[in-house]
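The structure under discussion appears below in the form of C-alpha cells.
The values are calculated or read from the model by the stated rules, or taken from the named source; none is laboratory data. Since this is a predicted model, take the numbers as computed values, not measurements. Every residue, glycine as well, gets a Cβ built from its backbone with ideal geometry; the counts of neighbours run over all protein chains shown.
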Amino acid sequence: MNAALSVDGLEVIFDRFRALKGVSLEVRSGESYGLVGESGSGKSTLLRAIAGLAPVASGSITVNGKNLGKGRDKAFYREVQMVFQDPYGSLHPRQTVDRLLQEPLAIHGFADGEKRIERALDEVGLGTGFRFRYAHQLSGGQRQRVAIARALILEPSILLLDEPTSALDASVQAEVLNLLEEVRRRRKLTFLMVSHDLAIITHMCERLMVMQSGEAVENLTASQLVGHRVTKDYTRNLLRASEGFVRTA
Amino acid sequence: MSTEAIQSRRDWLLSERPASRMQARLGRAYVAWRRFSANRLAFVGLLIILALLVVAAFADVLAPYSPTIGDLKNARLLAPSAAHWFGTDDLGRDIYSRIIYGSRWTLYVVILVAIIAAPVGLLVGTVAGYAGGWTDAILMRITDIFLAFPKLVLALAFVAALGPGIENAVLAIAITSWPPYARIARAETLTVRNSDYIKAVQLMGASPFRIVLRHIMPLCISSLIIRVTLDMAGIILTAAGLGFLGLGAQPPLPEWGTMIASGRRFILDQWWVAGAPGFAILIVSLGFNLLGDGLRDALDPRSGDQ
C-alpha cells in the first residue's frame, strides 16, 4: 500500500464545538485528492489538523507511513507544506519576498539559499525582479505565486491547498491552477485540495470526498461527480447549487 | 549635484523593482522619511531634538562659564543681561551655562530609561501575547500591579528604597514606565498571532522564540517607538519632579528639575532662576511630543500604503 497520507477517525474539538466528527480518508502517493462541501463543513479544519494548526481530540494521522502525534517535528514540515486561502493575509507585511523565502531555508539550515530562492521564483513564473518587493507591491495572483514558492522551497512531497484560488479573479485563477498542475506533474507531488468550487475540484482531482458539518458524506471519483452518479441527497443538492441560478419559466 | 542626478537617485529609491536587499530597505525608509518631513510640526520637533543633541555634545564649547563654580562675591542672583543671558543663581553661577550642561543629564535620563524600559515592555508583551494561557495571565497580572500605582509615587518609593541620585532615579523611572509598553506590545501581538502569515511561519517549523523575535517583534516596534517618543516628555518631567523633590540628581549637578527646586526660594523676586530651566523642560518636552506625533503618522502601518 502506498498511501502518502491517511487519516483515521479524526476528531477536532474547539472548546466544546465538534468541528470534525471522526473523518477518515486516504490519499495515495502522487494523487490529487479533493475535499468539497459548504462553508463550515470542516474541510479547512481537516487540512489545518493535518498541518498541526488545529487541536486534534482523537484519531490518527499518518504521513508516508509515519504516525503523527500531537507535535510536529522539522522532518514533518519538510514533507508537508500548505498554501493558504487568502494571499493578502498569508505574506508578512514587513518582509520582502526574499526574506519570506529565506526564512524556511534558514530554519532548516540549507546552505545554498541564493540558488534555491532564484530557482523557486523561476519555478512559479516570477522573475528575480520580484525578489526584493514587499507584499504590498504585488497583485493577488503574484502573492499566491510567492506563497506557492514558499511552500515548495522545502521540497515537500505533500501539498495541502486551502482554497488556493478562491480569493483571485477568474483569469488569475486559471493561471494559478495551471501552475499547480504543472508543479505537481514535474515534482510528482501529492495534493490534498479544499474547494467549494466543484468545477475546480473535478478539473484538478482524481478522487474527492464530500463533507457536511464535520462528517464525510461520500467518496467519489471525479468522473462520478461529472456524470452525476452520486448516491447522497446532499451531494445532489451541492451539484444543483453549483450549476447556478436556473430561471424557471 | 545636478537636478538630474537627484531625480535618478529618487527613482532608484522609489523603484518598484528593487534589485537588492539594500535598495528595498532604503526605498522603504525613504517613503517613511517623505511622509514624516511633509509634516511641518513634526519637523520642528525633530529640529528641537537635534538641537538638544548638538547642545549636549558641544556643551564645553557652547557654555561661557563653568556650570558648578560661581562668583559668590560679585554675581549672586543677577538679572538676565548680556554677560549672563539667563541671569545667575544664588551661588553666582551662570544659569545659561548650567542649562547647557543640564541638557546632557536630560538626555542621559531619557535615553537610559528608553533603553531599559522599551525592550523589557516589548519582551514581556510579545511573549505574553504569543504564549497565551498561564504565561499570559501571570505576566499581565504583574504588569497590572505596576500599572495600578501612580507613576511618580511608585518612582518615589523606589528612589526612597534605593537612595537618592540620578542613577537610581533613572532606574526607578524605568521600572515604572515599562508596563504601558508591555500592554501595547501584547495588544499588537494578539492582532497578528492568528494571522495566516504567522501560521505559515509555524508551518516552516520555526520555534516560538524565532517567531516572536523575528516575525512578531518587528510588527510591534513602530507603535512602540511612537509611544516611547511621546512618553519622553513624561520621563523628563518625572525626572525633573524627582529632582525637584530632592530625590533625583543631587546638587551641584546641573539637572533641570533640581535647578527649579533650588530656584523655588526666589521665585517671586528672581523668577529667572526657576523660570529658565522650566522653559528648557517645556521646549524639550514639546519637541519630543511633536516628534512622536510625526512618527505616528509616518510609521503607522495602518495609515497609507505601507
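Considering only the stretch B:11-20, how many residues are away from chain A (no Cβ under 12 Å) and either in contact with a Phe, Trp or Tyr (Cβ under 8 Å, 6 or more places away or on another chain) or closer than 14 Å to B:Leu299 by Cα (or both)? Explain how you work it out, then say what you get.
Here is the first cut: in the stretch B:11-20, the residues away from chain A (no Cβ under 12 Å) are B:11-13.
Filter again for either in contact with a Phe, Trp or Tyr (Cβ under 8 Å, 6 or more places away or on another chain) or closer than 14 Å to B:Leu299 by Cα (or both), leaving B:13.
The total comes to 1.
Take the residues of the stretch B:185-197 that are assigned to a helix (DSSP H, G or I) and in contact with a helix residue (DSSP H, G or I) (Cβ under 6 Å, 6 or more places away or on another chain): which is nearest to the other protein chains (Cβ to nearest Cβ)? So that I can check it myself, show each step before the final result.
Pass one, the stretch B:185-197, residues assigned to a helix (DSSP H, G or I): B:185-192, B:196-197.
Checking the rest, the ones that are also in contact with a helix residue (DSSP H, G or I) (Cβ under 6 Å, 6 or more places away or on another chain) come to B:185-186, B:188-190, B:192.
Working: B:Ala185: 15, B:Arg186: 19, B:Glu188: 12, B:Thr189: 14, B:Leu190: 16, B:Val192: 9 Å.
Residue satisfying both the conditions and the ranking: B:Val192.
Only one of these is buried (at least 18 other Cβ atoms within 10 Å of the Cβ), modelled with pLDDT under 90 and within 30 Å of B:Met22 (Cβ to Cβ): A:Ala151, A:Ala135. Name it.
Numbers: A:Ala151 fails: modelled with pLDDT under 90.
That would be A:Ala135, the only listed residue that is buried (at least 18 other Cβ atoms within 10 Å of the Cβ), modelled with pLDDT under 90 and within 30 Å of B:Met22 (Cβ to Cβ).
Quick check on the stretch A:190-198. Is at least one of its residues modelled with pLDDT under 90 and either assigned to a helix (DSSP H, G or I) or acidic (Asp, Glu) (or both)?
There is at least one residue in the stretch A:190-198 that is modelled with pLDDT under 90 and either assigned to a helix (DSSP H, G or I) or acidic (Asp, Glu) (or both).
Out of A:Gln95, A:Gln144, A:Gln102, A:Gln81, I need the residue that is of a type outside the set (A, V, I, L, M, F, W, C) and facing chain B (nearest Cβ under 7 Å). Which one? Working first, answer last.
Details: A:Gln95 fails: facing chain B (nearest Cβ under 7 Å); A:Gln144 fails: facing chain B (nearest Cβ under 7 Å); A:Gln102 fails: facing chain B (nearest Cβ under 7 Å).
From the options A:Gln95, A:Gln144, A:Gln102, A:Gln81, the qualifying one is A:Gln81.
Within the stretch A:50-63, take every residue that is assigned to a loop (DSSP other than H, G, I, E, B) and out of contact with any Ser or Thr (no Cβ under 7 Å at 6 or more places or on another chain) and give me the one that is nearest to the other protein chains (Cβ to nearest Cβ).
Pass one, the stretch A:50-63, residues assigned to a loop (DSSP other than H, G, I, E, B): A:52-55.
Adding the requirement that they be out of contact with any Ser or Thr (no Cβ under 7 Å at 6 or more places or on another chain) leaves A:52-53, A:55.
Details: A:Gly52: 8, A:Leu53: 6, A:Pro55: 13 Å.
Checking each candidate, the answer is A:Leu53.
Given the criteria more than 12 Å from every other protein chain (Cβ to nearest Cβ), over 18 Å from A:Arg94 (Cα atoms) and in contact with a strand residue (DSSP E or B) (Cβ under 7 Å, 6 or more places away or on another chain), does A:Ser171 qualify?
On the way: more than 12 Å from every other protein chain (Cβ to nearest Cβ): yes; over 18 Å from A:Arg94 (Cα atoms): yes; in contact with a strand residue (DSSP E or B) (Cβ under 7 Å, 6 or more places away or on another chain): no.
Criteria not met by A:Ser171.
Among the residues of the stretch B:21-49, write down those that are at the interface with another protein chain (Cβ under 10 Å from one of its Cβ atoms) and either surrounded by 15 or more Cβ atoms within 10 Å (Cβ to Cβ) or touching a helix residue (DSSP H, G or I) at 6+ places or on another chain (Cβ under 9 Å) (or both).
We begin by selecting, within the stretch B:21-49, every residue at the interface with another protein chain (Cβ under 10 Å from one of its Cβ atoms); these are B:21-25, B:27-28.
Listed by number, the residues that qualify are B:Arg21, B:Gln23, B:Ala24, B:Gly27, B:Arg28.
State whether the residues of the stretch A:133-147 include one that is among the aliphatic types (A, V, I, L, M), part of a helix (DSSP H, G or I), under 30 Å from A:Ala170 (Cα atoms) and out of contact with any helix residue (DSSP H, G or I) (no Cβ under 7 Å at 6 or more places or on another chain).
First, pick out the residues of the stretch A:133-147 that are among the aliphatic types (A, V, I, L, M): A:135, A:138, A:146-147.
Add one more test, that the residue is part of a helix (DSSP H, G or I), and what stays is A:135, A:146-147.
After this cut, where a residue has to be under 30 Å from A:Ala170 (Cα atoms) as well, the list is A:135, A:146-147.
In the following step, the residues that additionally are out of contact with any helix residue (DSSP H, G or I) (no Cβ under 7 Å at 6 or more places or on another chain) were identified as A:147.
Yes, the stretch A:133-147 has at least one match.
Given the criteria in contact (Cβ under 8 Å) with a residue 40 or more places away in the chain and surrounded by fewer than 21 Cβ atoms within 10 Å (Cβ to Cβ), does B:Ile184 qualify?
Working: in contact (Cβ under 8 Å) with a residue 40 or more places away in the chain: yes; surrounded by fewer than 21 Cβ atoms within 10 Å (Cβ to Cβ): yes.
So B:Ile184 passes the test.
Let's see how each residue does on (1) touching a residue at least 60 places away in the same chain (Cβ under 8 Å); (2) among the acidic types (Asp, Glu); (3) touching a Cys at 6+ places or on another chain (Cβ under 9 Å); (4) under 15 Å from A:Ala216 (Cβ atoms):
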| position | (1), (2), (3), (4) |
| --- | --- |
| A:Gly30 | yes, no, no, no |
| A:Ser41 | yes, no, no, yes |
| A:Ala51 | yes, no, no, no |
| A:Val56 | no, no, no, no |
| A:Ala75 | no, no, no, no |
| A:Gln81 | yes, no, no, no |
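Return the only residue of A:Asp98, A:Asp86 being outside any strand (DSSP E or B) and surrounded by fewer than 20 Cβ atoms within 10 Å (Cβ to Cβ). Outline the logic, then answer.
Working: A:Asp98 fails: surrounded by fewer than 20 Cβ atoms within 10 Å (Cβ to Cβ).
None of the others qualify; the one that does is A:Asp86.
Based on what the data block shows, is B:Thr238 buried (at least 23 other Cβ atoms within 10 Å of the Cβ), in a helix (DSSP H, G or I), β-branched (Val, Ile, Thr) and in contact (Cβ under 8 Å) with a residue 24 or more places away in the chain? Spell out how you get there, then give the answer.
Values: buried (at least 23 other Cβ atoms within 10 Å of the Cβ): yes; in a helix (DSSP H, G or I): yes; β-branched (Val, Ile, Thr): yes; in contact (Cβ under 8 Å) with a residue 24 or more places away in the chain: yes.
For B:Thr238, the condition - buried (at least 23 other Cβ atoms within 10 Å of the Cβ), in a helix (DSSP H, G or I), β-branched (Val, Ile, Thr) and in contact (Cβ under 8 Å) with a residue 24 or more places away in the chain - is met.
Out of curiosity, is B:Met22 modelled with pLDDT under 85 and not in a helix (DSSP H, G or I)? Write out each step before concluding.
Numbers: modelled with pLDDT under 85: yes; not in a helix (DSSP H, G or I): no.
When the stated conditions are applied, B:Met22 does not pass them.
Answer yes or no: is there a residue in the stretch A:182-198 that is more than 25 Å from A:Phe76 (Cα to Cα), surrounded by fewer than 19 Cβ atoms within 10 Å (Cβ to Cβ) and either free of Cβ contacts under 8 Å to residues at least 40 places away in the same chain or among the polar types (S, T, N, Q) (or both).
No: the stretch A:182-198 contains no residue that is more than 25 Å from A:Phe76 (Cα to Cα), surrounded by fewer than 19 Cβ atoms within 10 Å (Cβ to Cβ) and either free of Cβ contacts under 8 Å to residues at least 40 places away in the same chain or among the polar types (S, T, N, Q) (or both).
In the stretch B:142-153, is there at least one residue being in contact (Cβ under 8 Å) with a residue 24 or more places away in the chain, surrounded by 19 or more Cβ atoms within 10 Å (Cβ to Cβ) and part of a helix (DSSP H, G or I)?
Among the residues of the stretch B:142-153, at least one is in contact (Cβ under 8 Å) with a residue 24 or more places away in the chain, surrounded by 19 or more Cβ atoms within 10 Å (Cβ to Cβ) and part of a helix (DSSP H, G or I), which makes the answer yes.
Can A:Phe110 be described as under 30 Å from A:Ala3 (Cβ atoms), more than 9 Å from chain B (Cβ to nearest Cβ) and touching a helix residue (DSSP H, G or I) at 6+ places or on another chain (Cβ under 7 Å)? Explain how you work it out, then say what you get.
Working: under 30 Å from A:Ala3 (Cβ atoms): yes; more than 9 Å from chain B (Cβ to nearest Cβ): yes; touching a helix residue (DSSP H, G or I) at 6+ places or on another chain (Cβ under 7 Å): yes.
Considered against the rule, which asks whether it is under 30 Å from A:Ala3 (Cβ atoms), more than 9 Å from chain B (Cβ to nearest Cβ) and touching a helix residue (DSSP H, G or I) at 6+ places or on another chain (Cβ under 7 Å), A:Phe110 comes out as yes.
Tell me, please, whether a residue that is within 14 Å of chain A (Cβ to nearest Cβ) and farther than 17 Å from B:Leu242 by Cβ can be found in the stretch B:161-180.
First, the residues of the stretch B:161-180 that are within 14 Å of chain A (Cβ to nearest Cβ): none.
Taking every residue of the stretch B:161-180 in turn, none turns out to be within 14 Å of chain A (Cβ to nearest Cβ) and farther than 17 Å from B:Leu242 by Cβ.
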